[in-house]
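Encoded as structure tokens, the structure appears first; notes follow it.
The values are calculated or read from the model by the stated rules, or taken from the named source; none is laboratory data. Since the model is a prediction, treat every value here as computed from it, not as a measurement. So basically every Cβ, Gly included, is an ideal-geometry build from the backbone, and we count neighbours across all protein chains shown.
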Ligand code: ZN
């Protein structure tokens, strides 16, 4: 190895979360436009897509059509579809609608857990066995997404040991997979590596993914650090969709096309095609009716054709 090599795996899984984390704060997008987005996303080659969430339609009106979206997913049988649920009732709804790979959020910080879900972290962990049982009985799986894994808007920094304890408890309760969420987009590469390492040691053999928001411009650096530290899956949203157009500073997930560009150009295979991602970003921009934050999309893709760049 040359002293300036990056030590990276040859491939990593990318999960597209724009349909859920991106669209949930948008003005509701009609079903037809969502299906056009899905068609364009599947054409990028991505094989893990978070399709929607089964939560209260009053709380998230933009995803009130979860059942209708789920009913269309069998069009694309080679995609690993997942949906977010907030409790066992949502899990039953998701499974009845045909989605058995579930994501369930537990906030590592008590204040965020109470504000977001009306219960403590321990109470949220307490629901894992029931939801796991439902998912497994339906032939699916349960991923526990640990929100505020690094920082909480109310409690400040989340101690590494606290997030590790939640991870261990979730796995003991039956979770098949974990995801560490930087809910407010504050973490940085060193803390990413430290937490990922601690969680992976505490939960050997359990895939651990990461979910970054690009609120402070550190999203891509965090993603690269996570890949180096053995993250099994990276969440991203097409065009960097997410955040709120009416709340300055609230920003979306890391942009899928930026993540794929960075990884593929660094020798890490994702299976996603950059040109198809730019097409999907255009379809998404039309669906939501406003400009997307992705720098790469605004720049129009690669600056030089790949053949020239390689020569
Ligand atoms: Zn998020």
Residue check for residue 89: touching a strand residue (DSSP E or B) at 6+ places or on another chain (Cβ under 8 Å), assigned to a helix (DSSP H, G or I) and closer than 30 Å to residue 31 by Cβ: no
Hey, residue 10 surrounded by fewer than 19 Cβ atoms within 10 Å (Cβ to Cβ), touching a strand residue (DSSP E or B) at 6+ places or on another chain (Cβ under 7 Å) and either at positive phi or in contact (Cβ under 8 Å) with a residue 12 or more places away in the chain (or both) or not: yes
Among the candidates 299, 247, 291, 307, residue that is exposed (fewer than 15 other Cβ atoms within 10 Å of the Cβ), at pLDDT below 95 and in contact with a helix residue (DSSP H, G or I) (Cβ under 8 Å, 6 or more places away or on another chain): 291
Residues of the stretch 261-278 satisfying the condition of being surrounded by 17 or more Cβ atoms within 10 Å (Cβ to Cβ) and part of a helix (DSSP H, G or I): 261, 262, 263, 274, 276, 277, 278
Selection status of residue 166, closer than 21 Å to residue 15 by Cβ, touching a residue at least 12 places away in the same chain (Cβ under 8 Å), in contact with a strand residue (DSSP E or B) (Cβ under 9 Å, 6 or more places away or on another chain) and crowded, with 23+ Cβ neighbours inside 10 Å: yes
Positions within the stretch 28-65 being under 30 Å from residue 266 (Cα atoms) and within 16 Å of the ligand (Cβ to nearest atom), in sequence order: 48, 49, 50, 51
Scan of the stretch 164-194 for residues that are assigned to a helix (DSSP H, G or I) and within 16 Å of the ligand (Cβ to nearest atom), ordered by number: 192
Residue tally, condition in contact (Cβ under 8 Å) with a residue 60 or more places away in the chain and either surrounded by 24 or more Cβ atoms within 10 Å (Cβ to Cβ) or within 12 Å of the ligand (Cβ to nearest atom) (or both), over the stretch 232-244: 9
Filtered residues of the stretch 9-27 (kept if away from the ligand (no atom under 16 Å from the Cβ), in a loop (DSSP other than H, G, I, E, B) and at pLDDT 95 or above): 9, 10, 12
Qualifying residue in the stretch 124-141 (condition: surrounded by 23 or more Cβ atoms within 10 Å (Cβ to Cβ), under 21 Å from the mean Cα position of the chain (by Cα) and without any contact (Cβ under 8 Å) to a residue 24 or more places away in the chain): yes
Some residue of the stretch 203-210 being modelled with pLDDT under 95, assigned to a strand (DSSP E or B), under 19 Å from the mean Cα position of the chain (by Cα) and on the phi < 0 side of the Ramachandran plot: no
Matching residues in the stretch 143-162 - criterion: being in contact with a strand residue (DSSP E or B) (Cβ under 9 Å, 6 or more places away or on another chain) and more than 16 Å from the ligand (Cβ to nearest atom): 157
Test result for residue 199, under 22 Å from residue 219 (Cα atoms), within 16 Å of the ligand (Cβ to nearest atom) and part of a helix (DSSP H, G or I): no
Those residues of the stretch 222-231 which are over 16 Å from the mean Cα position of the chain (by Cα) and either assigned to a helix (DSSP H, G or I) or within 16 Å of the ligand (Cβ to nearest atom) (or both), in sequence order: 225, 228
